[in-house]
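The values are calculated or read from the model by the stated rules, or taken from the named source; none is laboratory data. Computed from a prediction, not measured in an experiment: that's the story for all the values here. Don't worry about glycine lacking a Cβ; one is built from the backbone with ideal geometry, like all the others, and counts go over all protein chains shown. The area values use the complete protein model at the heavy-atom level, side chains included, leaving out ligands, DNA and RNA. Shrake-Rupley method; radii C 1.70, N 1.55, O 1.52, S 1.80 Å.
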Amino acid sequence: MSRLRRAGIDFSVGTLNFLANIGLMLPYILMLLKYQQTQSETYLIALVAFYISRAASIFYTKRLHLRSSTYLIACLVLGALGSLIFAVTTAVGWLIVGSLLWGYSAATIWPYFLTVKLHLTQLTDFKMKRLYWVIFLGLGIMLGVDLAAGWSYTLTFSALALLYLAALPGGLLLEQFTNDFYRQQAPQRHRLQQGWRWALSLVGFAAIAVLTTLRKTQLNWPNWLLLTIIGVALLVFAIELYTDRNVLPQYKVRLLNRGFTMSLVLLFNSFFAYFYFGTAGMYLVFALYLIGFETGYPVFGKLAHGDAHRALRLSQISLLAGHALLLVPWQGSFVLGLLLITLYIGYDNPTINATLYGAPDIDHDTAIIHKYRFSTYGGLLCQLVMFGLIIAVSASAHLSILAFFKPSDASHFWLYTWTLSWPLTLASLGISLGNVLHEPKN
């Protein structure tokens, strides 16, 4: 019985580990597949609601006086409810509710899980079971059965809801393990933000909703109106950033750079890669990102022979060189440039986690949330600039906006290179240079 109980706890904690790692993207991917299958406006609305909830949640979480371990349990419950709603109904109202719940879970489950895991490293030698491939295989089999039986992802959504519930005992166990950590910490007050900021943010995220819809379907709105919406959103986020000017001032440029660069790679270049490699381009970009993200830290560590300062400088050189290579309109330089940038991202991610969490003047329970909040600012900035350029280019060249997101041929390669790729890459390069110059000298 004891062995069976231990196996159950190992499975629960391993499932929690799995959901935290894939929780940001898997719900979005399943919703996108559902929308592509049905081409229904109902699922388009749900998809946009999920995207907005995911973007907004990282800004407005941690507003109650709760521990990160408690928020982690809430993420599991909300994730289970969200996926279950998608399994049992097609009513647009309920799907919006499910999208909002699931969006919050997707945005925050990894930051809270990572925070709890970092807390545990200070107290115990607790090890989490890695069950990624077993669970991935199980989900893959269910997805195959789902499609073969024509159940329209109902089985997959249901299985995912069960996984969230299966992870709950593991979440409760981790909360118990972190009790000693929280008893040792001075209580922190996380005040609710000013009401005017909540209201203002609604305007900003409404603009993001419009732009997200532009990627999926054509809006028959005048271009001047779309550009005005983008301008208003830029102003809103500029005000938000200014209001947060005293939060992590030493690290803000680095975090903004991280978000902008990740959106440049994963959002813009995943679409732009079509003009280099056709339909295989998006998969190539995702593969390069995974390679760089997983290997960046060990690669620069080995090249620097364990010298952290030298490894940082090498990663920064890789970042700047990668941007320079993206400016060269050739397949080889495109691939190498993306790889060099993603190697930097892979090195920067664990180092900034350790830096923020270990800083004596930063609350350990909010450090990782702040990281993802400012990184999201950077990603949204990249998206707003990108959409502004796309709308302007489409209007001047008399093209549909969807001609970039859903191209049928590569005939507009040079147009998009000059008017989209170069300006975005140069903007990212400028922020990256600012990050390198802003980095504290040891």
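Could you check, for segment 57-66, whether at least one of its residues is among the hydrophobic types (A, V, I, L, M, F, W, C), under 21 Å from the mean Cα position of the chain (by Cα) and within 30 Å of D365 (Cα to Cα)?
Yes, because at least one residue in segment 57-66 is among the hydrophobic types (A, V, I, L, M, F, W, C), under 21 Å from the mean Cα position of the chain (by Cα) and within 30 Å of D365 (Cα to Cα).
Looking at segment 292-313, is at least one residue open to solvent by 20 Å² or more (accessible area, probe 1.4 Å), closer than 27 Å to F405 by Cα and either free of Cβ contacts under 8 Å to residues at least 12 places away in the same chain or not hydroxyl-bearing (S, T, Y) (or both)?
Checked segment 292-313: at least one residue is open to solvent by 20 Å² or more (accessible area, probe 1.4 Å), closer than 27 Å to F405 by Cα and either free of Cβ contacts under 8 Å to residues at least 12 places away in the same chain or not hydroxyl-bearing (S, T, Y) (or both).
Can you find a residue that is modelled with pLDDT of 90 or more and touching a Gly at 6+ places or on another chain (Cβ under 6 Å) anywhere in segment 351-367?
Checked against the condition, which is being modelled with pLDDT of 90 or more and touching a Gly at 6+ places or on another chain (Cβ under 6 Å), segment 351-367 yields no hits at all.
Limited to segment 270-290, what total is found for residues that are assigned to a helix (DSSP H, G or I) and open to solvent by less than 60 Å² (accessible area, probe 1.4 Å)?
14
Quick check: is even one residue across segment 247-255 basic (K, R) and open to solvent by 30 Å² or more (accessible area, probe 1.4 Å)?
no
For segment 1-102, which helices (runs of 4 or more DSSP H) that fit wholly inside it have 1 or more residues that are open to solvent by 30 Å² or more (accessible area, probe 1.4 Å), in contact with a Ser or Thr (Cβ under 8 Å, 6 or more places away or on another chain) and touching a residue at least 12 places away in the same chain (Cβ under 8 Å)?
In segment 1-102, 26-38, 41-60, 68-88 are the helices (runs of 4 or more DSSP H) which contain 1 or more residues that are open to solvent by 30 Å² or more (accessible area, probe 1.4 Å), in contact with a Ser or Thr (Cβ under 8 Å, 6 or more places away or on another chain) and touching a residue at least 12 places away in the same chain (Cβ under 8 Å).
Within segment 206-226, can one find any residue that is among the hydrophobic types (A, V, I, L, M, F, W, C), on the phi > 0 side of the Ramachandran plot, surrounded by 15 or more Cβ atoms within 10 Å (Cβ to Cβ) and at pLDDT below 85?
no
I'm trying to understand the selection: among the residues of segment 324-336, which are under 19 Å from F268 (Cβ atoms), surrounded by fewer than 23 Cβ atoms within 10 Å (Cβ to Cβ) and not polar (S, T, N, Q)?
A324, L325, L327, V328, P329, W330, V335, L336, listed by residue number.
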